[in-house]
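Here's the structure we're looking at; comments come further down.
Nothing in this text is a laboratory measurement; each read-out follows from the coordinates by a stated rule. All of these numbers come straight from a predicted model, not from anything done at the bench. Cβ atoms come from the backbone with ideal geometry, glycine included; neighbour counts cover every protein chain shown.
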Amino acid sequence: MPLSQPPRWLFALQGVLAAVVVVALVRLADPAEVRHAVATADLRLALLALALVPVNIGLETYRWWRLVRRLAPEVRYTEALRAVVGSYPLGLLTPGRVGDYVGRTVFLRAIPGGASAALTFGERMATLAACLAGGLLALKPFLDAQVAPSPLWAAVTGAGLVATGALVASILFPSLMRATLGTLLPFEPVRRAARAFDAIPQEEGAALLALSALRYVVFSTQFVLLVHALAPGVPMLGSVVAVALVFFSKSAIPQITLGDLGIREGAAVYFLAAYGVDPAAALDASLGLFALNLVLPSLVGVPLLLRLQLRRQPAGQADERDEPGEPAPARVRA
């Protein structure tokens, strides 16, 4: 199965959009203050955030592996881990990290590509549900601290409650997710892929939500640690509330820039400012999280991706064990 490559203009557009947003934020924050915040940061807290990177990726892999094993019980955790990490470079360079779907399909051939994509989608929806739920819980203390909150927040809260309820119901009842996808996207390939949810029992959906909530706590803790490393005077509750609202906003806004760069940073500057955090420190904390949870795993995944491409058989050469007309699977050394 060849690795499909998005057009170069898409990479360029993502990069330009991300650069424009980040440059605008840097101008708002004052480059000198940005450098000062980094120079005076508490490295101990930053290292704690770094130490949580394997925990974050490990939980992401474990969630997906549990789903995959419902279709292919022989798949090992290390195989799922290789697929997840090897897909990070593709995810970083595509809108909404859709490259992850392709990468996981290519790395792990034990299940059909459509089923792999469907399970990845279900996992992502569980993360989205956790981010929305966390943001809804943080909205009340945030609005209580505002002198005159905008009436639009009532609409945001209502929409968030409806979306979160729908997501939780779809995850707890996988057949409902299959029916919803089949209705919204009435195409046979989508319906065929969505049948993978029939193999997921309700208790697995509950476990997926619990693991997603745990992972949400992990990457939120990383963000809070980075905020306190750069702005030690911020109230702990204020930083937790602001971080929850940053992820809430990022989840609600379409992801069109490189690695969501700029969206998270803008939200961080806005919400953390409500608790006295300097824009420079908020920007640095958000960029630091981007580096830890996206750039660093992508650097680790590049060699895996390159090795996969090098070991793939040339196009047109079918493996003697494959059925006629089927593409040869990628050979990945264990």
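Calculate the FRET efficiency for Val75 and Leu137 from the Cβ-Cβ distance with a Förster distance of 25 Å, rounded to the nearest 0.05.
About 0.10, to the nearest 0.05.
What's the ranking of 39-50, 189-200 by average number of surrounding C-beta atoms within 10 Å, highest first?
189-200, 39-50
What FRET efficiency comes out for Trp153 versus Ala291 if R0 is 22 angstrom and r is the Cβ-Cβ distance? Round to the nearest 0.05.
Taking R0 as 22 Å, the efficiency between Trp153 and Ala291 is 0.10.
How high is the FRET efficiency from Ala179 to Gln202, r the C-beta distance, R0 22 Å, rounded to 0.05?
Efficiency at R0 = 22 Å is approximately 0.90.
Using θ = phi - 60° and the Karplus form 6.51 cos²θ - 1.76 cosθ + 1.60, what ³J(HN,Hα) does each residue of region 39-55 get, whole Hz, x for Gly and Pro?
So the Karplus estimates, Gly and Pro as x, are 5, 9, 5, 7, 5, 4, 5, 5, 5, 5, 4, 5, 5, 7, 4, x, 5 Hz.
Treat each spin label as a single point 7 Å out from the Cα along the C-beta direction, and report the Arg192 to Ala213 distance in nm.
My value for the distance between the label points is 3.8 nm.
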